[in-house]
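Before we start, here is the structure in question, set down as structure tokens.
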Amino acid sequence: MELTPFVERVRQELLAAADAAGPEGRALAERLVAPLDSALRLVLLAALSTASDEITGDLAPGSVEVRLRGTDPAFVVTRPPADDFGAMVAPSMAPSMAAVPAVEEEGTTARINFRPPEHLKARIEEAAARDGLSVNAWLVRATSGVLGTPDNRKRPSSGQSFSGWVS
């Protein structure tokens, strides 16, 4: 990641603000720009490092690291290990869940609270939309496929599906 455009933007803003103070203000700002360059880069690196720590907390056991390559930071993402279920629900790594057959079966339904990390929720929603299913139906199929149990939900025959949250 190149920090120079960000540092340059702050430099331009400082010089523009100094113009309001006249020629003396502008001259002072120009003298301060060089020492502020390295200080600003350190602050940006600290912000990126803090952000990577927060992202790592959400990705655990995966991680995001900030490494310096010369004077610019680079991000290194370590994905969490994929267990059988993770490989099943990863849209880029698994076949469509439409391949898991829907089997009609008598029985009651149960409700659970499922709170995936935001990035996983987005991937689940994309996979469900791709298969023309609600998120709930897609999760039932994914779980059924992993556990080897039949799915007791059928695709809507009308071609309509609804997704969302109802309390």
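The values are calculated or read from the model by the stated rules, or taken from the named source; none is laboratory data. These numbers come from a predicted model, not from an experiment. Reconstructed Cβ throughout: ideal geometry from the backbone, glycine too, with neighbour counts over all protein chains shown. Just the protein is used for accessible areas: all its heavy atoms, side chains included, with ligands, DNA and RNA removed. Shrake-Rupley method; radii C 1.70, N 1.55, O 1.52, S 1.80 Å.
7 Å from Cα along Cα→Cβ at both ARG26 and ALA46: what's the point-to-point distance in nm?
Output for this residue pair reads 3.2 nm.
Would you mind pulling out the separation of the Cα centroids of region 115-149 and region 56-70, in Å?
That distance is 26 Å.
Just by accessible area at a 1.4 angstrom probe, what is the order of ASP72, ASP19 from largest to smallest?
Highest to lowest solvent-accessible surface, that is ASP19, ASP72.
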